[in-house]
Amino acid sequence: MHAGNDAILLVRAELCERLDSLRAQSRRASARDFTDAVESIRRLASAYGLIPVARIAEALGHAAADGPSCPRALYLSRLQDAIGCERMDDGAIEALLASVSVRLCG
């Protein structure tokens, strides 16, 4: 089991690096490049069962497709939270997505 934990830690570190890169390029990246980078995060998270990360990335991808009004920083912040989240259940996913919704509407 220890090796499995080490693998997840490495995946989380890789996701953090990709997120940092995404943040750095988010203002100057084309919509296509931004969406591709988000999709790479989603795929990696999905492959390793980090479903909250994958779902937030998926939501960001959909929101970014709506155009420049997408609050990228808000989603990127929630992605950071999801990467560090130990819970992988539906409740964690719903809480993270709800926090985006509350901030958008509030």
Could we say that Leu10 is touching a residue at least 12 places away in the same chain (Cβ under 8 Å), among the aliphatic types (A, V, I, L, M) and outside any loop (DSSP other than H, G, I, E, B) here? no
If you check Arg72, Arg55, which single one turns out to be surrounded by 11 or more Cβ atoms within 10 Å (Cβ to Cβ), in contact with a Ser or Thr (Cβ under 6 Å, 6 or more places away or on another chain) and charged (D, E, K, R)? Arg72
Go through (1) in a loop (DSSP other than H, G, I, E, B); (2) touching a Ser or Thr at 6+ places or on another chain (Cβ under 7 Å); (3) charged (D, E, K, R) one by one and return the number of the condition Arg27 breaks. (2)
Failed item, numbered, when Ile83 is tested on (1) among the β-branched types (Val, Ile, Thr); (2) within 12 Å of the chain's Cα centre (by Cα); (3) surrounded by fewer than 17 Cβ atoms within 10 Å (Cβ to Cβ): (3)
Filter region 70-106 down to residues that are under 18 Å from Asp33 (Cβ atoms) and either touching an Asp or Glu at 6+ places or on another chain (Cβ under 7 Å) or not basic (Lys, Arg) (or both) and give me whichever is modelled with the lowest pLDDT. Cys70
Evaluate the following for Arg42: is it closer than 25 Å to Leu9 by Cα, of a type in the set (Lys, Arg), crowded, with 18+ Cβ neighbours inside 10 Å and modelled with pLDDT under 95? no
Spans of helices (runs of 4 or more DSSP H) in region 33-106 with at least 2 residues among the basic types (Lys, Arg): 72-84
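The values are calculated or read from the model by the stated rules, or taken from the named source; none is laboratory data. This is a predicted model, so every value here is computed, not measured. Here the Cβ is made from the backbone with ideal geometry for all residues, glycine too, and neighbour counts use every protein chain on show.
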